[in-house]
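A short worksheet on the structure shown next.
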Amino acid sequence: MTKVCEKEYPMGAYPKQRSDGFYITEAMKHGIDVLAKNITKDMQFVGLYTGDGTVRNGKSTCAQQHARYYSWKVSQLTGKDIPFTIDNIVFRAEKLMEKAHTLPRYSCIVLDEGDDLTGHHFSKVIQTLNKFFRKCGQLNLFIILILPDFFELKPAYALTRSNYLCNVKFVDEFTRGYFDFFGPSNKRKLFLNGKRWKDYGAAQPNYQGRFVPLYTVDEEAYRQAKLDDLNESEDDEVSTKAQLKNYKIELLTKMHEAFKDIPIADLGKVFGMGRSTAFNYIKKNSENLEISKSEIPKNPHPESKYNNITIEEEKMSVQPPINILSKHLEVGLANA
C-alpha cells in the first residue's frame, strides 16, 4: 500500500486515518499511472467494478478512490485541471451520454448502477452502453462501470471493451476494504470458466488489493444524489405505466371503430379487460361513438357487476385469449 493525494485529503478526512492522504494498493497505483499516461494518445479506458455476487460491500467506495487518484495523476501529467467530484458520477446509463459531453477531455466518469438491477433492466443498460461507446469514444474518457454482476455482461464488454475488473468482496465477518484485480487475460478466464455458475473463484486474480473507508466526493451530496435519482426512477416508472395504459385505451378505441362487428366484451378480453371496463374506456375516448344497446352493460346484481358477466370473466388473466379476435377477423375476411 502506498499513500496518494496527501494535500487533497489531510488528517481527519476518513475514519482511523493516521496521516495525510489515503492508501492505495501499489500494483493498482501503477496500473492507474499507465492509464493516466496513455489516455492522451487518443485512448479510452474502461474499468469494471463488481461485488462478488453480494451487495453493499464497498464497490462504489473503491471505485471512487481509484477515480480520484486517476484524476489527480492525469492533472499532474497534462497540466490541466481534471477534477473528480459528484458531477463525475451518474446513476443511470441513460445519463452517461449527456454527462460525458460536459466533462473535460481525459476525465473519469463513473456509472454507479444499483445493486437491485433486474435482468430486464440490465439488458436496457447494455443497449444504452452500446450507443454511448459508439458515439463517445473520441472524448478520451476513463469510464468506470459499477455493476451488480460481472457475469451478466455481454462478452463484448466483459472481454473486449473493458481493460480490467475489480471484484470487491467481504472477508471474514462482512469486513469491507478488499478486492481481487483481474487484468485482460485473467478476466477472460474468469468470464469463460465462471459464467455458467457465476463463480468468482473460477480464475485466479492478478493480485488482491485493499482500499480505505473514504468517499472521495462529498458523502452527503453523493447519498442525496443517489436518493434523488432513485425517486426520479420511480416517477419515470409510474409515468411509463400511465403511458402504456393510455396507449392500450387508444388502441382499444381505434380497434372498436375499425371492427364494429366485434363485441366490446371480446375486444376487452383481448386487452385483458372486463366488458364494463372496456365499454367505459371506449365511451370516454370515442368521438361520435355508436354502440348498440346490446353492448351496454346491464344493471349490477349481488353476484356480479353485470347480469351477463360472470365473476370468472371479471377475473380474467392479463394474458388475453387473442384467438377471440382472430376468430372475428377470419369471419370478417370470409364474408368480404
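So here's what we get for this one:
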item	result
Subset of the range 74-89 [surrounded by fewer than 20 Cβ atoms within 10 Å (Cβ to Cβ) and not β-branched (Val, Ile, Thr)]	Ser75, Gln76, Leu77, Gly79, Lys80, Asp81, Pro83, Asp87
Number of positions in the range 180-227 that are among the charged types (D, E, K, R), out of contact with any helix residue (DSSP H, G or I) (no Cβ under 9 Å at 6 or more places or on another chain) and farther than 22 Å from Cys62 by Cα	1
Thr61 of a type outside the set (Lys, Arg), touching a residue at least 40 places away in the same chain (Cβ under 8 Å), surrounded by fewer than 23 Cβ atoms within 10 Å (Cβ to Cβ) and assigned by TED's automatic domain parsing to the domain that holds Asn186	yes
Which listed residue, of Val55, Val74, is aliphatic (A, V, I, L, M), at pLDDT 95 or above and in the same structural domain as Pro205 (by TED's automatic domain parsing)	Val74
Looking only at the range 41-58, and only at residues there that are touching a residue at least 12 places away in the same chain (Cβ under 8 Å) and over 19 Å from the mean Cα position of the chain (by Cα), the one that is surrounded by the most Cβ atoms within 10 Å (Cβ to Cβ)	Phe45
Cβ pairs under 6 Å, 6+ apart, first in the range 1-21 and of a type in the set (S, T, N, Q), second surrounded by 15 or more Cβ atoms within 10 Å (Cβ to Cβ)	Thr2/Lys29
Any chance Ala13 is assigned to a helix (DSSP H, G or I) and either surrounded by 16 or more Cβ atoms within 10 Å (Cβ to Cβ) or assigned by TED's automatic domain parsing to the domain that holds Lys195 (or both)	no
Qualifying residue in the range 108-116 (condition: surrounded by fewer than 20 Cβ atoms within 10 Å (Cβ to Cβ) and at pLDDT 90 or above)	no
Of residues in the range 134-169 being of a type in the set (A, V, I, L, M, F, W, C) and surrounded by fewer than 16 Cβ atoms within 10 Å (Cβ to Cβ), the one modelled with the lowest pLDDT	Ala156
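The values are calculated or read from the model by the stated rules, or taken from the named source; none is laboratory data. The structure presented is a predicted model; accordingly, all values stated were derived computationally and were not measured. Please note: Cβ atoms are built from the backbone with ideal geometry, for glycine as well, and neighbour counts cover all protein chains shown.
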